[in-house]
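Asks: So that we are looking at the same thing, I have put the structure below in structure tokens.
The values are calculated or read from the model by the stated rules, or taken from the named source; none is laboratory data. Here the structure is a predicted model, which is why all the values come from computation and not from measurement. Cβ coordinates were reconstructed from backbone atoms using ideal geometry, including for glycine residues, and neighbour counts include every protein chain displayed. Side chains are part of the model used for accessible areas, which takes the heavy atoms of the whole protein and leaves out ligands, DNA and RNA. Shrake-Rupley method; radii C 1.70, N 1.55, O 1.52, S 1.80 Å.
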Amino acid sequence: MNQTVSKAREARLAFYRKQGTVHAKSVEGRFNTARWAMVWLTQIVFYGACWLPWTTETGTRQAILFDIANEKLYLFDLVLWPQDALLLAFCLILAATALFFVTALAGRLFCGFACPQTVYTSIFVWIERSIEGDHLARQRLDASPASIHKLSVKAAKHSIWVLVAIWTAITFVGYFTPIHDLLPAVANLQTGPWEAFWLILYATFTYVQAGLAREAVCQHMCPYSRFQGVMIDADTTSVSYDPLRGEPRGTLRRSGKGGTSGDCIDCGVCVQVCPTGIDIRDGLQYQCINCGLCIDGCNQVMDKIDAPRGLIRFMSENDVAGKPTTPGRHLLRPRVLIYAGLLLLFCALTGWTLSERVLLRVDVLRDRGSLLRETAEGLIENTYTLKLINMEETQRSFRIGVSGLPGLRIDGTDTFTVEPGSLRTVSLTVSAPLTDQLAGVQAIEFTTAALHDGSQPVREKSTFILPPR
């Protein structure tokens, strides 16, 4: 009897681990519901955010736009310039730290629920299931010889895949070129070279990764799966099989009639529903994406055989081994506390940088073509070029002052208006009386303040050249 069960199990594992596409069985449960909730949430944001309008004093623009040509990033009312690169660096560090924190707590939770590869694979598999049928029907279709029916079904599936990939590419590029301008350009085949390049590349990438490669990305290509081991330890919870309760496996569950089998009836459902085609009962594997579908499948089987749920559940390595742990140990570990501390630190730094962000940038350049000029009134003049960058979406007027030498002043107008989100270059002539006490290069300072709010003036140092003694 045991030999027969062993052979059946080997045949089943070989069937689901064969080379080629893994056709996972669909399953219902709370983890599958959570995964599809993330699919809906992420795709509503991705496909919808580029269509949001935002009204400013200069008119209506796209709410979220990476304007590479003008070197600006629009995030609703926030406009970021290249000078705000520190904020981008903090955001990237925050994302990485949050990923490390979640991994230390619950393994590859990001992979199972929010990774773009997982999300788009779920969408493409749903399309495939809607056209070709359930997992067994898809396996039979793949194994069947070429025919008109097979060709028509495959053609319909791949056509829809291509349409989804093209629309995904258009949406992606729509965050860099305004989507309302991009769509007519695509329809009339008048896109620019870089837009055409990214449209083709991203559409092809989506089609290949989500439609053709699928689980191979998680099994062989994903770098995160290779280095996640350094971020977890024996107290990290992840999807695991409980061998203390499930073993030894058998066709009947342990009962009060002297049965010796564990709760695992070796049905293979956990393997059939796995999107990467692994057997969670073999222990922790880097291909596991912690999606929890094997938990949903196993719980359904436990319900049918009137056994407690949780034969497969989120557990730590110590839990699997039956080692006693203190309550809250998985939360109060050094690595978790360090990641949490770093997360709070960088959140605070990001908030502080954003609150202290000055919406005016000033660059001062001396005119190197003419070091100095002496006027008939006995004044020494130096000329400067100032670049005023108004980083607000409102027209602003600024007054420029200069200090550092006795009698130093700006000749001509000292007030300038700068259009919203633009740069204005102005030329200034600065003069100072000639004295016997000072000569050569002297340090001076330009102060630029907004007329509507002079509480945060921008100060820039420069030099003023006087004749040598």
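Asks: In nm, give the distance between the simple-model label positions of ASP306 and TRP54, each being 7 Å from the Cα along the Cα-to-Cβ direction.
Replies: About 6.1 nm separates the two model spin labels.
Asks: Return an integer: the convex hull volume of the alpha-carbon atoms of region 299-447, in Å³ per residue.
Replies: Once divided by residue count, the hull of region 299-447 is 258 Å³.
Asks: Got a sec? Which residues in region 343-378 would a label at LEU423 touch, if it sits 7 Å along Cα→Cβ and we count backbone N under 14 Å?
Replies: Counting only backbone N, you get 361-365.
Asks: If you take the beta carbon distance between ILE465 and ALA114 as r and set R0 to 45 Å, what does 1/(1 + (r/R0)^6) give as a FRET efficiency, to the nearest 0.05? Numbers along the way, then the final one.
Replies: Working: r = 59 Å, r/R0 = 1.32.
Computed FRET efficiency for ILE465 and ALA114: 0.15.
Asks: Here's something else I'd like to know. Within the chain, count lysine pairs with alpha carbon atoms under 25 angstrom apart where the residues are 8 or more positions apart or belong to different chains.
Replies: The result is 13.
Asks: Relative to the present Cα-Cα distance, how much length would full extension add between LEU434 and ARG399 at 0.36 nm per residue of separation?
Replies: Taking 0.36 nm per residue and subtracting the Cα distance, the gain is 10.0 nm.
Asks: With a Förster radius of 60 Å, plug the Cβ-Cβ distance of LEU371 and ILE200 into 1/(1 + (r/R0)^6) and report the FRET value to the nearest 0.05.
Replies: 0.65
Asks: If you take the Cα atoms of region 169-311, find Rg, then find the Kirkwood Rh from the mean of 1/r over all pairs, what is Rg/Rh? Intermediate results must be reported in sequence, preceding the final value.
Replies: Numbers: Rg = 23.1 Å, Rh = 18.9 Å.
Looking at region 169-311, the ratio lands at 1.22.
Asks: Calculate the FRET efficiency for ALA137 and ALA89 from the Cβ-Cβ distance with a Förster distance of 56 Å, rounded to the nearest 0.05.
Replies: Numbers: r = 50 Å, r/R0 = 0.89.
Efficiency, from the Cβ-Cβ distance: 0.65.
Asks: Using the basic label-point model (7 angstrom from Cα toward the beta carbon), what is the TRP36 to ALA146 distance in nanometres?
Replies: Reported label-point gap for TRP36 and ALA146 is 3.7 nm.
Asks: Another question, if that's okay. Full-extension gain between ALA187 and LEU451, please, as 0.36 nm times their residue separation minus the C-alpha to C-alpha distance.
Replies: 90.3 nm
Asks: Mind putting a number on the dipole of region 99-218 about its Cα centre? Charges go on the C-beta only, +1 for Lys and Arg and -1 for Asp and Glu, and I need it in Debye to the nearest 20.
Replies: 340 debye
Asks: What is the gain in length, in nm to one decimal, between VAL358 and LEU345 on full extension, counting 0.36 nm per residue of separation less the C-alpha to C-alpha distance? The partial results should precede the final answer.
Replies: On the way: separation 13, 0.36 × 13 = 4.68 nm, distance 2.17 nm.
Net length gain for the segment: 2.5 nm.
Asks: If you don't mind, another one. Could you work out the Rg to Rh ratio of the chain, with Rh taken as the Kirkwood radius (inverse of the mean 1/r over all Cα pairs)?
Replies: We get a ratio of 1.17 for the chain.
Asks: Could you state, as a whole-number percent, how many of the C-alpha pairs of region 25-167 are farther apart than 18 Å?
Replies: The share of Cα pairs beyond 18 Å in region 25-167 comes to 72 percent.
Asks: Sticking with this one: What are the extents of the Cα atoms of region 28-109 along their three principal axes, in Å, largest first?
Replies: Over region 28-109, Cα extents along the principal axes are 50, 29, 18 Å.
Asks: Mind running the shape call on region 365-469? Use the C-alpha gyration tensor, a ≥ b ≥ c as the square roots of the eigenvalues: rounded below 1.5 for a/c, prolate if a/b tops b/c, oblate otherwise.
Replies: prolate
Asks: For the chain, give the percent of accessible area contributed by carbon and sulfur heavy atoms, probe 1.4 Å, rounded to a whole number.
Replies: Ligands and nucleic acids excluded, carbon and sulfur give 63 percent.
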